[in-house]
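Q: I'd like to ask you about the structure that follows.
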């Protein structure tokens with residue numbers, strides 16, 4: 001875990017991808033604690049930068065993400081987490097947080 | 001473009017996904033200039049944090065990435081760029097920068 005390149009805030013971005021559909025669901029941030037909890041429980045945990053607290057994905061919505069695999073990129077500063085999701089990733093109810101194209105966003 | 005949530009360094013993370021295979025290829029950072037160049041040319045451009053310069057992906061390797069679609073996440077702080085890649089995304093020659101599992105990385 002020491003070999004990961006944590007940023008100056010002790011965080012690393014994690015891309016969450018649906019292991020079955022290949023859809024990119026969300027990007028969130030992990031600190032060491034979040035990664036440890038993710039490894040120990042097999043469910044995704046993140047560091048919520050807005051709330052300043054550990055965030056067990058699904059704890060309030062029930063939409064837990066079971067970890068199928070974790071990959072590390074070439075320079076060790078980003079994680080890719082493949083998951084089996086119990087429900088939508090997005091708080092809007094959309095399957096993925098990336099539900100808008102640039103054209104839809106930029107109107 | 002003003003509605004995107006650029007970080008305090010004026011950057012936004014961009015997840016690059018192969019439009020055909022669904023593989024997540026890499027994560028890199030864009031500033032406004034990189035996003036504008038990407039939109040104008042239809043090829044990915046990033047801001048290289050290590051070199052401190054605009055980076056036209058493929059300019060040295062020939063492995064350009066043609067943009068198929070750009071998506072914005074729910075809170076406007078991350079981009080997902082679907083591409084058709086002319087070759088490997090990774091400087092190691094691997095198709096994707098995420099070629100190692102956590103277990104392979106963490107030995």
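Q: Consider residue A:48 carefully, then state whether it is under 13 Å from the mean Cα position of the chain (by Cα) and more than 23 Å from residue B:99 (Cα to Cα).
A: Yes, satisfied.
Q: Could we say that residue B:14 is under 28 Å from residue A:50 (Cα atoms), touching a helix residue (DSSP H, G or I) at 6+ places or on another chain (Cβ under 9 Å), at pLDDT 95 or above and buried (at least 17 other Cβ atoms within 10 Å of the Cβ) here?
A: Yes, satisfied.
Q: Which members of region B:51-69 meet the condition of being under 14 Å from the mean Cα position of the chain (by Cα) and under 15 Å from residue B:31 (Cβ atoms)?
A: B:54, B:55, B:56, B:57 - these are the residues of region B:51-69 that are under 14 Å from the mean Cα position of the chain (by Cα) and under 15 Å from residue B:31 (Cβ atoms).
Q: Within region A:1-48, track down each residue that is touching a strand residue (DSSP E or B) at 6+ places or on another chain (Cβ under 6 Å), without any contact (Cβ under 8 Å) to a residue 60 or more places away in the chain and within 11 Å of chain B (Cβ to nearest Cβ).
A: The answer is A:28, A:29, A:38.
Q: Follow-up question, since we're still on this one. Please specify each residue of region B:20-44 satisfying the condition of being surrounded by fewer than 22 Cβ atoms within 10 Å (Cβ to Cβ), in contact with a helix residue (DSSP H, G or I) (Cβ under 9 Å, 6 or more places away or on another chain) and farther than 11 Å from residue B:57 by Cα.
A: Across region B:20-44, the qualifying residue is only B:39.
Q: Moving to a separate point now. Search region B:60-94 for residues being more than 22 Å from residue A:104 (Cα to Cα) and touching a residue at least 60 places away in the same chain (Cβ under 8 Å), and hand back the single one that is farthest from the other protein chains (Cβ to nearest Cβ).
A: Out of the qualifying residues, it is B:85.
Q: Only one of (1) more than 14 Å from residue B:87 (Cα to Cα); (2) surrounded by fewer than 19 Cβ atoms within 10 Å (Cβ to Cβ) fails for residue B:61. Which number is that?
A: (1)
The values are calculated or read from the model by the stated rules, or taken from the named source; none is laboratory data. Not measured: the values here are computed from a predicted model. As a convention, Cβ positions derive from the backbone with ideal geometry for all residues, glycine included, and neighbour counts pool all protein chains shown.
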